[in-house]
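The values are calculated or read from the model by the stated rules, or taken from the named source; none is laboratory data. Quick caveat: nothing in here was measured; it's all calculated off a predicted structure. Methodologically, a virtual Cβ is constructed for each residue, glycine included, from the backbone with ideal geometry; neighbour enumeration extends over all protein chains shown.
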Amino acid sequence: MYQPLISIIIPCYNNRNFILEAIDSALNQTYPHIEVIVVDDGSTDHSYEFVADNMKDQGNLHLIRQENQGPAGARNTGFNLAGGDFLVFLDGDDILHREYVENCYREYVNNPELNIVYCDVELFENKTGPWKLKPFSPETILLYNSIPVFAMIRSCVFQQIGRYDTELRCAEDWELWIRILQQYEGVYKIPKVLYYYRKRNEKTSITDYDKIYNFRHDALLYIYIKHQQVYRDSNLDMTNLFSCAVYKERYYNEWYRKLFYRLFKRRKYAEIYNKKQALTADNNADWYAPLNELKAALGLTVRA
């Protein structure tokens with residue numbers, strides 16, 4: 001039976017402490033016909049030299065270095081070198097189960113109409129347990145990303161759709177899925193853990209969190225503007241998008257809850273936190289007021 005080449009592309013930016021684990025998990029797949037392409041995206045921690053010194057004898061491993069272009073640019077560079085009929089984009093600090101490629105390809109063989117295949121995910125390191133991906137549907141993909149970046153996709157689809165948008169430094173995979181699903185159908189999630197997502201224990205300042213939020217906020221605006229007609233055709237607007245994405249990410253996450261608890265009295269914290277149960281477009285202003293008060297006190301950007 002014909003078994004096509006499958007390309008596993010690993011973008012690497014300052015992943016020296018983890019990159020060999022990622023590469024090993026890609027090289028040790030049970031599926032026999034793979035190539036692994038590592039793209040060092042301008043690392044400053046000598047990741048490139050570290051990989052080169054430790055992976056000298058791997059004939060199906062290709063290592064390339066480029067100036068920093070962000071994850072989208074690094075993945076596109078890997079695709080330029082790829083010869084596989086299918087693609088898997090593995091982050092440089094994560095791990096593939098050894099049967100991931102075999103299981104995904106089996107689904108393509110059994111269901112030729114498929115174009116995107118992925119699996120359940122397990123968290124490891126700083127946090128453990130299942131990563132609860134939201135259920136996929138063609139409607140909800142416009143509101144939140146329910147397909148992880150490591151999904152196996154057809155090379156011809158990736159090429160035809162125009163690759164990753166390098167204007168984005170985050171959410172580039174979500175934007176790619178939106179484009180693909182405007183032209184193609186066939187998405188399947190294997191109900192089995194075959195991917196391990198590393199949750200690192202990194203200390204991040206309040207100012208850094210604000211920068212990250214603004215970064216993602218800008219990405220959402222870009223996606224909405226780029227696909228504005230698609231949203232309109234689906235009777236969705238920017239309010240729907242931000243309510244499901246930015247709002248949830250920013251105000252429901254553990255870090256903000258801890259911050260509220262530390263800076264507000266217990267009674268006021270409980271009152272603010274419980275508002276999530278009744279939040280609608282009509283009371284958005286009431287919800288933003290205490291958050292803006294908090295951010296102003298910290299010297300951070302206040303958004304209306």
Inset, instruction - Select from the range 96-139 the residues that are in contact with a Ser or Thr (Cβ under 7 Å, 6 or more places away or on another chain) and without any contact (Cβ under 8 Å) to a residue 60 or more places away in the chain and list them in ascending order. - result: 133, 134, 135, 136
Legend entry - Leading residue by the ranking (modelled with the lowest pLDDT) among those in the range 43-84 that are more than 30 Å from residue 157 (Cβ to Cβ) and acidic (Asp, Glu): 57
Inset, instruction - Answer with yes or no whether residue 172 is of a type in the set (D, E, K, R) and more than 25 Å from residue 26 (Cα to Cα). - result: no
Inset, instruction - Among the residues of the range 104-114, write down those that are within 15 Å of residue 153 (Cβ to Cβ) and not hydroxyl-bearing (Ser, Thr, Tyr). - result: 104, 107, 111, 112, 113, 114
Inset, instruction - Please determine, by comparing only the residues of the range 33-65 that are more than 25 Å from residue 125 (Cβ to Cβ) and among the small types (Gly, Ala, Ser), which one is surrounded by the fewest Cβ atoms within 10 Å (Cβ to Cβ). - result: 59
Inset, instruction - Go through the range 117-152 and give me each residue that's part of a strand (DSSP E or B) and over 18 Å from residue 186 (Cβ atoms). - result: 120, 121, 122, 123, 124, 125, 129, 130, 131
Inset, instruction - Determine, yes or no, whether residue 30 is under 30 Å from residue 1 (Cβ atoms) and surrounded by fewer than 22 Cβ atoms within 10 Å (Cβ to Cβ). - result: yes
Inset, instruction - Test residue 113 against the criterion of being modelled with pLDDT under 90 and more than 23 Å from residue 200 (Cα to Cα), and give yes or no. - result: no
Inset, instruction - Hey, could you check the range 179-213 for residues that are part of a strand (DSSP E or B) and over 22 Å from residue 31 (Cα atoms) and say which is modelled with the lowest pLDDT? - result: 199
Legend entry - Test: residue 96 is within 19 Å of the chain's Cα centre (by Cα) and under 21 Å from residue 159 (Cα atoms): no
Legend entry - Residue match in the range 75-88 (condition: touching an Asp or Glu at 6+ places or on another chain (Cβ under 8 Å) and of a type in the set (Phe, Trp, Tyr)): no
Inset, instruction - Would you tally the residues in the range 111-135 being buried (at least 18 other Cβ atoms within 10 Å of the Cβ) and within 22 Å of residue 216 (Cα to Cα)? - result: 0
